[in-house]
1. Mind checking which residues of the stretch 169-188 are in a helix (DSSP H, G or I) and surrounded by fewer than 13 Cβ atoms within 10 Å (Cβ to Cβ)?
2. Within the stretch 25-52, can you find the residues that are within 20 Å of the chain's Cα centre (by Cα) and over 15 Å from residue 11 (Cβ atoms)?
3. Please count how many residues of the stretch 151-207 are within 19 Å of residue 127 (Cα to Cα) and free of Cβ contacts under 8 Å to residues at least 12 places away in the same chain.
4. Among the residues of the stretch 85-109 satisfying the criterion of being in contact with a strand residue (DSSP E or B) (Cβ under 7 Å, 6 or more places away or on another chain) and in contact (Cβ under 8 Å) with a residue 60 or more places away in the chain, which is nearest to residue 13 (Cα to Cα)?
């Protein structure tokens, strides 16, 4: 894996993905609206192209790359966010299979299963009214042919990384223990339980970026799955700034 294409490289998570990718020796291409927002030392080591993802999906740049990491978009944009992801997925899916990169997308912890009934945070009262675009976007990914994986973290913060060997990683379900009694709770009562688990899933941007970059092999265990990330058992994080879902990623 050597050729990496990054969208949203000037956003909160994208900056970490870009810096780590360049440091690891990837051949990196970025597509951004404002190249001047890229750190100069990183900008000089990447192939930088200027454009607006809302107006153009640069298939000529994407075709033949090994992996695409999309950190662009903002859940609060609602239909606009859904439209952005749909255009991107449709465009990449139109490429011949051999030219399609492995794709990472970003959502939120509300897409992960809370219990064996398949209930998710995004289906709970008060949550679904804001985070419904994540549900629509994952349904779009499922309908595609892409080798995608969807990072579903809790709030992310600019703090030193703990290292992936310290963190709990899950596939399709919450990466934390859910109290047994929660199974019997109706949605309105499950909501405060779900909220109480959130501090365990406040993770550093740097660790989220590292997880993506460590899982770029085609068809690996994360392929076509939602991926959760949590702090070590017994540790709780604190939001020192708005979460990734409250901070627009800049293309």
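Every read-out reported here was derived from the displayed coordinates using simple, explicitly stated rules and does not represent laboratory data. Keep in mind it's a predicted model, so treat the numbers as computed, not measured. Using ideal geometry, Cβ is built from the backbone for each residue, glycine included, and neighbour counts are taken over all protein chains shown.
1. Start the filter on the stretch 169-188 by keeping residues that are in a helix (DSSP H, G or I), which leaves 180-184, 187-188.
Result: 180, 181, 184, 188.
2. 26, 28, 29
3. 6
4. First, pick out the residues of the stretch 85-109 that are in contact with a strand residue (DSSP E or B) (Cβ under 7 Å, 6 or more places away or on another chain): 85, 88, 92, 101-107, 109.
If we keep only those that are in contact (Cβ under 8 Å) with a residue 60 or more places away in the chain as well, we get 88, 101-102, 104, 106-107, 109.
Working: 88: 19, 101: 20, 102: 18, 104: 12, 106: 10, 107: 12, 109: 15 Å.
Here the answer is 106.
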